[in-house]
Structures are given as structure tokens and as C-alpha cells.
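So the structure is just underneath, and the comments pick up after that.
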Amino acid sequence: MLQKIKPKKFKLGIVGGGPGSWIGHVHRISSRYDDKYEIVAGVFSRSVDKSRKFGQSIGLDKSRCYSNYKEMSEKEAKRKDGINVVAIMTPPSSHQIIAENFIKKNIHVISDKPFAGNLNQGKKLYKAIKSNKKIKYALTHNYSSYPMVREAKNLVEKGKIGKVEYINVEYIQDWTDGNKISKTNSKKVFKWKVDKKIVGVSAVLNEIGSHAYHLAIYITGLKGEKLIADVSKYSKDVNMDNNAQVFVNFNNGAKGIVWTCVTAKGGVYGLRIRVYGSKGSLEWVQNDPNYLKFNPSKGAVKFLERGYTKANFSKKFSRVKFGHPEGYLDAFANIYKEFAEYLKTNTKKRFYFPNEEEGLETAKFIDACKKSSLKKQWVKI
């Protein structure tokens, strides 16, 4: 049975996201938006001194700033006031082993994406989650939690655009930050993302390709069946996947294109998805997240605004009144809020946060992309 917890606030432990970590800052802020979590413990650095110093800087007791995740899981599990939930925000290849360690201690897990560093790790993690009925797992594919993305999902489910026929999604960034990259400066610019032992099977696919594909399957409810991909490296001297162009055939017969790149000059978090159905289309752009373009095949184009009358479903996930912008932190906070509500409820209420099912699907997609690019042929997902 799922472990039901009834505290006013969940006691949250953190692994990763220490000094200089941008994503750690995001998680810490978002987890406290709705006053459902209290951060009480953490591992913030491989250096014990740095971990303790950072933990104390955010208000933690020195004794609960640990040297590694194993020590933290062991000691917190023995405490009467120990953590109920752990949030993991380390590089991809460590997600599986860290999550499994806390799962064994019956501690719920919220993890940053991707699900795991590679498919083999993903399968092991999936099995561990399913084997322990006392815990639940959430994955912070945060773009799925923007109100207008959920509005899009609702419109597809209600058949407003008919049968989904085509999906086009792209996510482009520029990690070079305007620098010319060589073998000598690649580690300084890309840091751990050039090391496959840390980033996992593919830098571009694990880091942002997972987001792109997840958005496609999240909004449409479809799964990819087979694909053909071209995954390229930055250069002969810099062995890092930087670009992926993928054609996908989905399980309802729909066709899709996924393009993701981390060295597109001038590309600043350019996430966009377009879904075309037999009755119309939808388009959402991350840089203008409060609007959803709905173009029925018969009738005028509609621009639906978050929280406004024509986008009633989005109101459930909106935090401020329409006309005021909502964005990145709010989307993360929606996942934390929903997960807390889910752990406390006994009802059959539907929740929309990403979980291990979608995590495994993205891991399968990434693995298939790498195999297809190597073989230069279509492969099953």
C-alpha cells in the first residue's frame, strides 16, 4: 500500500543543487511556493565542508548537511523527524542509483530530468519504483506543468482538434555562449556535459531532447513506435552530441519531427510545439507561455489566454490572475504542489505531474535515437 503521510508539511531532503547550481535554486524556491514542504536536510557538495557551509547558508542544521547520499538516506530513515521526500538534482547518470537508495528506505522521490543516464539505468529504476508500493515518484519535466500546456492536453483529450496526425516539436539552445569551442576549452564551457560517464548516453538528448519528446507524448497521449534519427557531435575534437534531428512514427499513425540542438547560435530556450489534427491545430511557445494558439479547420484562429474565459481548464493550474505573466518557477511549483497533494489524498482525483511511466518512455526514445543514428536506419522505440 502507498505510504500515506499526514504532516502539515513534508520534510524534504535535497541531493545536489549546491553552490553555483542554477537548477538547485529553482527547485528550492519552487518546493516552497505552496508551503507544502520544509527543507530539512541535504547533500550539496562532494566536499563535506562545502556541503555543510551551503546547507547552513539556507538555514539547515549542521548535523543534517551530509557528506553523501548514502549517509543521508541511512541517518534520515532512522530519525523520527526524518525526511518523507527527497529531491534529486544531480547530473543524469547518477539519478538511478541515488533514487534507488532512497526508495529502499521508503522515501518518496522527486527527480530532475532525465529519468536516467541511459535505458539500462532507466529500466532498473522503473523496476525499483514499481517494486515498492510504499513510495511514489515524480519527474520534473516542468514544461508539462505550464497551465497552457495542460490546456492543450485537455483540448486534445476532448477531441477539439480531432485525431492527431502530425507533431512538430523543437528545443534549441546555445551552450557555447558565443565562444568558439575547441578541445582545450570545451570542458571549461560545457563542463560535465562532455563526460558521458556523467551526462549519460547523449548530452543533447538527455538534457533537452528528453523535454522535447516528453512534451509531444504528454500533450497528445501518444507513444512513439519507431524512428529514424541523425545525432551529430560538436566536432571531431569535441566528443559531445550537440544536435539531433528525428522523424517519429506514433502509435496512432501520426507522424512527427523532433529537432533539438544545444549549439544553435542565438538559440535561447527556443521550445515550441505544434500539433495538427483532423479538425485543427494547436501551437505553444515557451517564450510566450501564457498563450495557446488554437486554429480550428473551420473558423477563425483563436489565441487562448491563461486563466481567461476561453481557457477554463488552465485556471486549475494558474497562480495569478490572467493578464499577469506566469512562467518557469510556477511550472516547477505545480509539480511539487501536485505531488504533495497526491501523497496526502485517498481519492481517485486525477493528477497531471510526470512520473516513471513517461520517464521510461523518454529513455526508450533517447536509446532508439542513438541506435538509429549509428545504424542509419529506422528502429523500434
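Some points to look at:
- Segment 10-135, Rg to Rh (Cα coordinates; Rh as Kirkwood inverse mean 1/r): 0.94
- For segment 140-255, average projected area of the Cα convex hull in nm²: 8.4 nm²
- For segment 75-130, Kirkwood radius (reciprocal of mean inverse C-alpha pair distance, Å): 11.5 Å
- Convex hull of alpha carbon positions in the chain: directionally averaged projected area 19.3 nm².
- Ranked by how many other Cβ atoms sit within 10 Å of their own Cβ, fewest first, the residues L360, L12 fall in the order L360, L12.
- In terms of its C-alpha gyration tensor, segment 102-161 comes out prolate, because a/c is 1.5 or above and the ratio a/b outweighs b/c.
- Charge tally in the Cβ shell below 12 Å around F250, where Lys, Arg are +1 and Asp, Glu are -1, F250 excluded: +1
No lab work stands behind these numbers, since they all come straight from the coordinates. Remember, predicted model here, so these are calculated numbers, not experimental data. All Cβ positions, glycine included, derive from the backbone under ideal geometry; neighbour counts span all protein chains shown.
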